[in-house]
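Here's the structure, in structure tokens; my notes come after.
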Amino acid sequence: MKPGNHKRKFIIIGAIALLVAGIAGFVLAAKGSAPGKTINSYAECVAAGNPVMESYPEQCRANGRTFVNPDAKVTAPPTEDNATTDTIASVNNAFTVEIPRGWGPVIRAADIDALLMTGETQPTADPTKPVVVSTSNTYGSDGPIIFSIGVYQVVDMSVPSGTKSDITIVQGDTTITGARYAYAYPEDVDQEIGSRKGGDKNYVYLFTLPDGRYLRASYHVYASDTRDRVNQFDDIVRSLKLQS
């Protein structure tokens, strides 16, 4: 055989060897780990180049085993600050408000633009449960109520007891400023509509609206269930939208 043929033969063999080595390297890289390497943790799995699953918490799979990211923070369940709301309208559509899902049941007056929730047990937000609303001809209660909110032509706007703070409602380009009065009963008191216990709280909201009507709302906390949801009720009041 001629010397040139030997040289060409060696070149071809060398090229084939390099090609085989390249293919082997590609296969190993695709597998994400070298043969015989033991992976015992999520970090080792990721470092070896294995894919991370789009799950929460993140998971990585290698050599038939699945490793969970131990540093992933578990998402907190929905709270009252981030729960979804339902839009509730008054009977004549004078206004709508956003009430956290799970609150209620809410009573809607049949003849005036007002909403009410009776009882002493504070509501708990639950995004899986819509607000239950019933329309009643006997709106009102001589017993305890959690909240009321209404838009009226005429209503008692006398200044209630308690510490005053400003609160605003935005209506398009108009900002309406009203007042919130917070009062805590220092001791048990007998009233015309029933007794109040020491530690009970009243929050009363008063607004004069641009069209001459009035917004009056109230929220109550009872000593039997002292969970105070006033921040959420502030949001309900701020969410009020007047309908033209």
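The values are calculated or read from the model by the stated rules, or taken from the named source; none is laboratory data. Just so we're clear, the structure is a prediction, and the values are computed from it rather than from any experiment. Heads up, the Cβs are rebuilt from the backbone with ideal geometry, glycines too, and the neighbour counts pull from every protein chain shown.
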Tell me whether the range 122-140 contains one or more residues that are among the hydroxyl-bearing types (Ser, Thr, Tyr), over 23 Å from the mean Cα position of the chain (by Cα) and under 20 Å from residue 224 (Cα atoms). no
List the strands (runs of 3 or more DSSP E) that sit entirely inside the range 163-244 and contain at least 1 residues that are touching a Lys or Arg at 6+ places or on another chain (Cβ under 7 Å) and among the hydroxyl-bearing types (Ser, Thr, Tyr). 163-171, 174-184, 201-208
Exclusive hit being in the same structural domain as residue 115 (by TED's automatic domain parsing), over 24 Å from residue 232 (Cβ atoms), surrounded by 14 or more Cβ atoms within 10 Å (Cβ to Cβ) and modelled with pLDDT under 95, set 213, 196: 213
Per the list (1) out of contact with any Lys or Arg (no Cβ under 8 Å at 6 or more places or on another chain); (2) surrounded by 14 or more Cβ atoms within 10 Å (Cβ to Cβ), residue check on residue 150 breaks on (1)
Kindly list the number of the only condition in (1) touching a residue at least 40 places away in the same chain (Cβ under 8 Å); (2) surrounded by fewer than 17 Cβ atoms within 10 Å (Cβ to Cβ); (3) under 27 Å from the mean Cα position of the chain (by Cα); (4) more than 20 Å from residue 144 (Cα to Cα) that fails for residue 208. (3)
Of everything in the range 166-179, what is surrounded by 11 or more Cβ atoms within 10 Å (Cβ to Cβ) and more than 22 Å from residue 88 (Cα to Cα)? Give them in sequence order. 179
Scanning for something modelled with pLDDT of 85 or more, touching a Phe, Trp or Tyr at 6+ places or on another chain (Cβ under 8 Å), assigned by TED's automatic domain parsing to the domain that holds residue 210 and not in a strand (DSSP E or B), does the range 139-149 turn up at least one residue? yes
I'd like the full set of residues that are more than 28 Å from the chain's Cα centre (by Cα) and of a type in the set (Val, Ile, Thr), limited to the range 144-192. 154, 155, 159, 163, 189
